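In what follows, a single structure is set out as structure tokens and then discussed.
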Amino acid sequence: MIAIYIVTKNMTVEQHTKGREKLQAAGAPESAMKLHSCFGEDGQLQVFDIWESQEAFDEFLTYLGPVMEELGIELAQPPLIMPLVDLVQ
């Protein structure tokens, strides 16, 4: 499993909500996403996800990239992608 940490420059709660709706409507493959969280200050939200594999996340990115571009969401830095060592739920 991998952990993904995304820091945006400008994502609002409204953009996040619209983005989730667009991804679901487009049939984005989310079954390999084990955890999704969005947090922070409105206008600079951050995302932390856990995915089964890099390949599954890469496939999801083919949907996510265009949605982020359409909504004007910009990254503050490249996503951090790391192996997951432990997860307690």
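The values are calculated or read from the model by the stated rules, or taken from the named source; none is laboratory data. Bear in mind that the values here come from a model prediction, so they are computed numbers and not experimental data. Counting neighbours? That spans all protein chains shown, and the Cβs are built from the backbone with ideal geometry, glycine included. Heavy atoms of the whole protein, side chains included, go into the accessibility calculation; ligands, DNA and RNA do not. Shrake-Rupley method; radii C 1.70, N 1.55, O 1.52, S 1.80 Å.
Residue check, Ala28 against (1) under 21 Å from Ile81 (Cα atoms); (2) surrounded by 17 or more Cβ atoms within 10 Å (Cβ to Cβ); (3) more than 13 Å from the chain's Cα centre (by Cα), all met but one. Which one?
So Ala28 meets the others, but not (3).
I need a count of the residues in the range 39-89 that are more than 16 Å from Gln24 (Cα to Cα) and either among the charged types (D, E, K, R) or part of a loop (DSSP other than H, G, I, E, B) (or both).
25
What is the number of the single condition among (1) touching a Pro at 6+ places or on another chain (Cβ under 8 Å); (2) open to solvent by 30 Å² or more (accessible area, probe 1.4 Å) that Ile2 does not meet?
The single condition Ile2 does not satisfy is (2).
Among the candidates Val88, Val67, single out the residue that is modelled with pLDDT under 95 and of a type outside the set (S, T, N, Q).
Values: Val67 fails: modelled with pLDDT under 95.
None of the other options fit; the residue is Val88.
So how many residues does the range 41-89 have that are surrounded by fewer than 14 Cβ atoms within 10 Å (Cβ to Cβ), at negative phi and of a type in the set (Gly, Ala, Ser)?
Of the residues in that region, 3 qualify.
Can you name the condition, by its number, that Ser37 falls short on among (1) out of contact with any Phe, Trp or Tyr (no Cβ under 9 Å at 6 or more places or on another chain); (2) free of Cβ contacts under 8 Å to residues at least 24 places away in the same chain; (3) of a type in the set (Gly, Ala, Ser)?
With (1) out of contact with any Phe, Trp or Tyr (no Cβ under 9 Å at 6 or more places or on another chain); (2) free of Cβ contacts under 8 Å to residues at least 24 places away in the same chain; (3) of a type in the set (Gly, Ala, Ser) applied to Ser37, the lone miss is (1).
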